[in-house]
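Peer 1: Please see the structure below; I have some questions.
The values are calculated or read from the model by the stated rules, or taken from the named source; none is laboratory data. What you see is a predicted model, and the numbers here were worked out from it, not measured in a lab. We place every Cβ from the backbone using ideal geometry, glycine too, and count neighbours over all the protein chains shown. Surface accessibility is based on the protein's heavy atoms, side chains included, excluding ligands, DNA and RNA. Shrake-Rupley method; radii C 1.70, N 1.55, O 1.52, S 1.80 Å.
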Amino acid sequence: MGGTLTQRGGQRPALALVSILALAGCGTASNTGPVPGETGYVRGFLGQVAADEPRAAVVARDVLSAGGNAIDAAVAGGFALSVTLPSRAGIGGGGACLVFLPSRGVTESVTFPAGARASVPEGADRPAAVPMMARGLFALHTRGGKLPFEQLVIPAEQAARFGIDVSRALGADLAIAGVPLAADPWARLIFASPGGQPLAEGGRLVQPDLAATLATLRTAGVGDLHQGNLARRVEAVSAHAGAMLTVAEMRAAVPTIGEPLVTPGTSTGDSIAWLPNPGGTAAAAAFRALPGAATSGATLPASAGMLVVDRDGMAVSCAFSMNNLFGTGRVAQGLGFLFAAAPGVGQIQPPLLAAAIASNGPLRAFRAASVGTGQAGAPLGAAAPLAAALRGATATEALRGLPDPARGLVASCPRYLPGQSEQCTAAVDPRGFGVALGTLD
């Protein structure tokens, strides 16, 4: 039932959940056991979590254990990814999510890609995309989040403030791009050792400026990043980073909540929802064309996936991106996050964001979910594992044989959820460094 956590320091973000209690005015129970909002309040089968970075998966799993639902867990996990895997997900980036709501038997889409620019401003040698991550996760939370939004920012905020050990996933990305990244002095302060070498797996990553930005989002609201003091600071520092963002652009950038692309499923009453974007359209086409689908070449990876299913069958499937590995390679001075690269400028092509959820509307039940990454391979990374899971393969089996550059995450409940939860499985691509989790003993 999912994988086990093997990365060093993987339990640190879990400790952050305890602080939720203090901020929410709850106390820890000394004799009666964990209380709502505290890890361990819910035990046994929690649902399924799969993510491309283990600590973010732990954060999401612990939110489920604290009594949150799949939306809460995905929001907390998304913010955690901005700390633990900033090469592929971050406050300066964006993404897209699907959410299945069993109470209504419907799936909705929430899209918030790191925004394109109308034009490249003069002096922008590294034009940035318009940041959308925080607004997008807030929009996701409005679809039925159970815990207060500000509480879900805390694990990421504390991980940034107190530090984490560099995971294998981030270490691999720093091994690829750490040297050119260090050309930016603010990035070098974060991602390099005192000797100037890129941090490696196990190195200590502390991000106090990012923690302060997350604290502002928590206390002032995400709107502050788009039309408040934080937005004005971004505009000012973006000029020094060659990003040239404006408050007007950030104010105008809003997520889209709508209907996904829907195709028939493989069983009576089942349907499959795909993200309503080029990646989702391509994934749906690949699903119909399997097993003859193929992928094309790719540039440096730039995306990360996360999917969450709770014990009641609510499901969220998300793909996040910086549009290029480490975005523009420059950090917002004093704010601690990397600017995502503006899509469509120079060699930067927006990655295809691919995710899917299979459900049964009449039964109001979840069946399977997937996320694909790997640039041009993302559609196949979502479609092929989902197709295999719907044919009866376990999650681990469903991910076998994906061709490069496609990568995938998948969760499957053959007898639906709610239902026979003991048959539910989740898995991450074995060529990556993520983890799948499903129970808390």
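Peer 1: Give the residues of the range 102-135 that are open to solvent by 10 Å² or more (accessible area, probe 1.4 Å), in contact with a helix residue (DSSP H, G or I) (Cβ under 9 Å, 6 or more places away or on another chain) and outside any loop (DSSP other than H, G, I, E, B), sorted by residue number.
Peer 2: 111, 115, 135 - these are the residues of the range 102-135 that are open to solvent by 10 Å² or more (accessible area, probe 1.4 Å), in contact with a helix residue (DSSP H, G or I) (Cβ under 9 Å, 6 or more places away or on another chain) and outside any loop (DSSP other than H, G, I, E, B).
Peer 1: Residue 261: at pLDDT 95 or above, over 20 Å from residue 138 (Cα atoms) and under 25 Å from the mean Cα position of the chain (by Cα), yes or no?
Peer 2: Spelling it out, residue 261 is indeed at pLDDT 95 or above, over 20 Å from residue 138 (Cα atoms) and under 25 Å from the mean Cα position of the chain (by Cα).
Peer 1: Here's another thing I want to ask about it. Can you pull out the residues in the range 213-222 that are of a type in the set (A, V, I, L, M, F, W, C) and open to solvent by 50 Å² or more (accessible area, probe 1.4 Å)?
Peer 2: 220
Peer 1: OK, next. Output the number of residues of the range 318-363 satisfying the condition of being of a type in the set (Ser, Thr, Tyr) and within 29 Å of residue 205 (Cα to Cα).
Peer 2: Selection size over the range 318-363: 2.
Peer 1: I would also like to ask the following. For residue 107, which of the numbered conditions (1) under 30 Å from residue 191 (Cβ atoms); (2) β-branched (Val, Ile, Thr); (3) modelled with pLDDT of 75 or more fails to hold?
Peer 2: (1)
Peer 1: So which of 315, 365, 342 is touching a Pro at 6+ places or on another chain (Cβ under 8 Å) and within 30 Å of residue 216 (Cα to Cα)?
Peer 2: On inspection, the qualifying residue turns out to be 342.
Peer 1: Just to be sure I understand, how many residues within the range 414-441 are assigned to a loop (DSSP other than H, G, I, E, B), among the small types (Gly, Ala, Ser) and more than 22 Å from the chain's Cα centre (by Cα)?
Peer 2: Matching residues across the range 414-441 total 1.
Peer 1: When the range 377-413 is examined, which residues are found to be in a strand (DSSP E or B), open to solvent by less than 50 Å² (accessible area, probe 1.4 Å) and not aliphatic (A, V, I, L, M)?
Peer 2: Within the range 377-413, 408, 412, 413 qualify.
Peer 1: Looking at the structure I just gave you, is residue 75 at pLDDT 95 or above, within 30 Å of residue 362 (Cβ to Cβ) and part of a helix (DSSP H, G or I)?
Peer 2: So residue 75 fits the description; yes.
Peer 1: Is it the case that residue 208 is open to solvent by 10 Å² or more (accessible area, probe 1.4 Å) and either more than 21 Å from residue 80 (Cβ to Cβ) or among the small types (Gly, Ala, Ser) (or both)?
Peer 2: It is false that residue 208 is open to solvent by 10 Å² or more (accessible area, probe 1.4 Å) and either more than 21 Å from residue 80 (Cβ to Cβ) or among the small types (Gly, Ala, Ser) (or both).
Peer 1: Looking at (1) open to solvent by 30 Å² or more (accessible area, probe 1.4 Å); (2) among the hydrophobic types (A, V, I, L, M, F, W, C); (3) not in a helix (DSSP H, G or I), which is the one condition that is false for residue 179?
Peer 2: Of (1) open to solvent by 30 Å² or more (accessible area, probe 1.4 Å); (2) among the hydrophobic types (A, V, I, L, M, F, W, C); (3) not in a helix (DSSP H, G or I), only one is false for residue 179: (3).
Peer 1: So, one more: Would you check if there is a residue in the range 159-176 being crowded, with 17+ Cβ neighbours inside 10 Å, in a helix (DSSP H, G or I) and without any contact (Cβ under 8 Å) to a residue 24 or more places away in the chain?
Peer 2: no
Peer 1: Moving to a separate point now. Answer yes or no: is there a residue in the range 89-101 that is among the aliphatic types (A, V, I, L, M), part of a helix (DSSP H, G or I) and touching a residue at least 40 places away in the same chain (Cβ under 8 Å).
Peer 2: no
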